[in-house]
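These notes are about the structure you will find just below.
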Amino acid sequence: MNPISHLPFGGLVLGLAFAAALPVQADDTTLTGDWGGLRRELDEQGIRFTGDYSGETAYNADGGQHRAARYSQNLKLGVQFDLGKLYGLNNGDRIQLTINDRRGNSASEDLVGNRLPIQENYGGLYTRLTELSYERTLFTPALNLKLGYMAMGNDLGGLDSGILCNFMNAGFCGHPLNMSGGSGWANYPNAHLGARVKYDFSPNWQLRVAAFNVDPSSNGNASRAWHLGPKHTTGTVVPIELVYKHAGTLPGEYKLGYYYDSSDVKRIGSNKEVSGRGGHYLLIDQAVWASSSSAGRVLHAFGQYSAASEAASPFSKWYGAGVVLYKPFAGRPRDTVALGYGRAVPNPRSRDVQELAAFNAGTEYPNLNNAEQLIELSYGYQATPWLTVRPDVQYIIEPGAFSGVDIDNAWVLGLQVKAVF
């Protein structure tokens, strides 16, 4: 067992509180600074280095299965090559290389027993290549092409504003989880070979279309962490996304999407196969109020709806809604307060399979609700330009809705730390 995953919760909180108390230095946007001028010089030449760390500690205070804490972390290092600066190309040509490493243990798996990951940075506990892509405009500045080895969710399925990552639970941060739960859609940091095209109809409207190889053998497989090529291709997943954005005092972002995976998979509750599986989604981020006396104090509301194939997805529907207040206090211009509610609906076919298994085993199936529900409240404290500390509370209703196990509702206390290198 990894000892870092069982650090005493109180000691970790004290250490992070000390880090949060560091004085803010407006000219230091990264932890490692400017490297004595070398970083800025390389950037001007066309080579930009990036890096960030996130650590998430979750303590199950009540309900669930066990009282204890779990820690997980994500480390990302990248370099981008601007081929315009390096070689004089004039079509926005760039190459992105990203390496990712994850470690730790899961509060959902070990302590609560729920489906929606309490720590969004848990999963795939090894070092891997997560992106090697080439991007450029094509024929016209309105048309952008990106191809290579990359994660689908970097470009599709999530809100570009980043509003949802003011939360720690993966049910909010990222894209709706039933996309990956019922198709070949891959969550970050898992990557696949693919291509994505964006076309700007106008300053407000954009169309995104992509095609990615579906290969379950390499999706989250540590033995293929550095293999770009597919091993056992089952099909292709094609997402299509219409995006509308508007600026102004109350800016907004709206996404309507559909995806189809051509893979043949087993139908839930049957030995027969279903040819192809798909889903659709609607994502909204809309500013609903802006202070007239304090610039930057804005209240955003968000909404999520996603439905996946009921023939083959154990996670059929997801609903999410909430609000995020930016600049909650006059003296804290980069802090946030976020409150969200989510509802994850298991596929009725999966419930039928569980009930039949319980009947055949001569056991009683518990009287469960028809969905796992999540309420989350967080405060994002911007300690320095490169350090964010986020205390977090999650209340998980019907944690055993997907597993068919009667588990008490859980109160989880969390702390997320993000640092930019």
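As a footprinting exposure proxy, order 396, 407 by other Cβ within 10 Å, with the fewest listed first.
Details: 396 30, 407 20.
Sorted ascending by nearby Cβ count, the order is 407, 396.
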Ranked 98, 336, criterion: other C-beta atoms within 10 Å, fewest first: 336, 98
Within segment 41-102, trypsin sites (Lys or Arg not before Pro) in DSSP loop having at most 11 other beta-carbon neighbours inside 10 Å: 67
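Filter the trypsin sites (Lys or Arg not before Pro) in segment 144-247 to those in DSSP coil with at most 12 other Cβ atoms within 10 Å of their Cβ, and list the result.
Details: sites: 146, 196, 198, 208, 224, 231, 245; in loops: 231.
The qualifying sites are 231.
Do you know the relative contact order of the chain, to the nearest whole percent, from alpha carbon pairs under 8 angstrom that are 6+ apart? Display every interim value, and only then the final one.
Values: 1137 pairs, mean separation 67.2, N = 421.
For the chain, the relative contact order is 16 percent.
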Those lysines that a straight Cα-Cα span of less than 17 Å connects to residue 198, excepting residues fewer than 8 apart in one chain: 146, 245, 255
Placed amide H near residue 120: partners under 5 Å, 5+ positions off or other chain: 170
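Fewest first, what order do 175, 232, 246 take by the number of other Cβ atoms within 10 Å?
Values: 175 25, 232 9, 246 14.
Ranked by crowding around the Cβ, least crowded first: 232, 246, 175.
Where a number appears in this text, it was derived from the coordinates with a stated rule and is not lab data. Keep in mind it's a predicted model, so treat the numbers as computed, not measured. Note that we place each Cβ from the backbone using ideal geometry, even for glycine, and neighbour counts take in every protein chain shown.
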